[in-house]
């Protein structure tokens, strides 16, 4: 999860390390985000866009790796082989 999206202040992205949609959906429910927070665009990777209370809950959740910048999060996932490109 990035701490804050550079281009959308107050928002954070959450990615699954395995692109697991069920994992993202369970996390969405756990932090109380609306269904619209889950994005499944073709050509991109599945992710959550979080703001306000759900974002705060996610940032404080145990086991969530928080990156200062979105680019750092993507670089980490690419380094583990989880994201292409």
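Label positions at residue 66 and residue 35, each projected 7 Å from the Cα along the C-beta direction, are separated by 3.0 nm. The label-point distance for residue 5 and residue 51, in a model that sets each label 7 Å from Cα toward Cβ, rounds to 0.9 nm. Which of rounded, prolate or oblate describes the range 1-46 when judged by the alpha-carbon gyration tensor and an a/c cut-off of 1.5? Note, shape of the range 1-46 comes out oblate. Taking other C-beta atoms within 10 angstrom as a stand-in for reagent exposure, 70, 80 fall in the order 80, 70, fewest first. Please identify, among 30, 41, 55, the residue showing maximal mean-square fluctuation in a Gaussian network model of the chain using a 10 angstrom Cα cutoff. Top of the fluctuation ranking is 41. Classified by the C-alpha gyration tensor, the range 22-72 has an oblate form. Its axis ratio a/c, with a ≥ b ≥ c, is 1.5 or above, and a/b does not exceed b/c.
Every read-out reported here was derived from the displayed coordinates using simple, explicitly stated rules and does not represent laboratory data. Predicted, not measured: the structure shown is a model, and the values here were computed from it. Ideal geometry is used to build each Cβ from the backbone, glycine not excepted, and the neighbour counts take in all protein chains shown.
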